[in-house]
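Have a look at the structure below before the remarks.
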Amino acid sequence: MHALSAARPRTVVVDTLPPPAKLYGRALPGLFKRPHASAQVPAMRLVRPAVALDPEQIGRYARVCGFIPEHGVPLSFPHVLAFPLHLMLLTDPAFPWPAVGIVHLANSVRMRRALSAGQNLRIEVESGPVVAHEKGQAFTLHTRIYRRGEAVWDGDSVYLKRGAHGSGAASVETSAQPSPAAMPPLTREARWQLPAQLGRDYAKASGDFNPIHLHALTAKAFGFPRAIAHGMWTLGRTLAALHPSKALAAASAHGDFKLPIFLPGETTLWSASPAAMKRDFEVRDLAGTRPHLRGHFEWELP
């Protein structure tokens, strides 16, 4: 379809997704891509018009993140359905930078209506403008999900290209919560031991096969001493740990990704309850002094 106007994104309907191997095959040649002078993300809306909530896929995701069947469709699961569209946009020839070098800074998710396995959804992904960031240039990929025309879920993923220079006049706001000093004191809730294969297990459940998460060897090729855990696994695992023992009517969460978690490794979960149905949280190192993830989670019960 052609663009309706210069200010509106071009809509591309994706009836069949490329397999992950093909998508990542598109990403690797981009390592040698010369930056575009405009440094703008393509004005494109990618749409999957009919995506089934597959119970087997939900089950694989729930198990690797720690959700239980009583939770229903996990709050963070729809991100998995949208992620192939994220990757398609990041590997589009018009995208200004190599996809593999993009850093995931933060993620917000919001469930407006409860979801159930077997339902069909319409998924739309498009990018906001590139804006200035203290470490480079940042942009947000907006995900909107509809069921029979009703908005039921949305997510915002903030990404960073380190060291890039551009003309973005505004700065991006990645955090949706107060500074740590303004937060109530957090108490330790859990200690997690993360195995070396965690990145591979989550990749199979989510379709995110970024090589920095899979093996020490592939991570070293991109400057990491060992493989690192997926940020969205860390957010999902946190939401599973803090989740009430029943399905929710509505919920939202935000996470700022801080220091990487190297695999294998150990982390600790810390949280506080500023309200009856709200949790502030941090995932920290084993000593409890260095943050890997900081955010909040709130919900409504049926």
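Within the same chain, lysines fewer than 8 places from K258 are excluded, and of the rest, those with a Cα less than 17 Å from its Cα are K135, K161. Can you tell me which lysines have their Cα less than 21 Å from the Cα of K278? Leave out same-chain residues fewer than eight positions away. Of all the lysines, those that pass the test against K278 - Cα under 21 Å, at least 8 places apart if same chain - are K246. Can you give the local net charge around H292? Use residues other than it whose beta-carbon is closer than 9 angstrom to its beta-carbon, Lys and Arg +1, Asp and Glu -1. Once positives and negatives cancel, what remains is +2.
Take every pair of alpha-carbon atoms less than 8 Å apart whose residues are at least six positions apart; their mean separation over the length of the chain yields a relative contact order of 18 percent. Counting only residues at least eight positions apart within a chain, or on another chain, the lysines with an alpha carbon under 21 Å from that of K22 are K33, K204.
When peptides 112-122, 44-54 are sorted by average Cβ neighbour count within 10 Å, with the highest value leading, the order is 44-54, 112-122.
No lab work stands behind these numbers, since they all come straight from the coordinates. The structure presented is a predicted model; accordingly, all values stated were derived computationally and were not measured. A quick note on method: Cβ atoms are made from the backbone with ideal geometry, for glycine too, and the neighbour counts reach across all protein chains shown.
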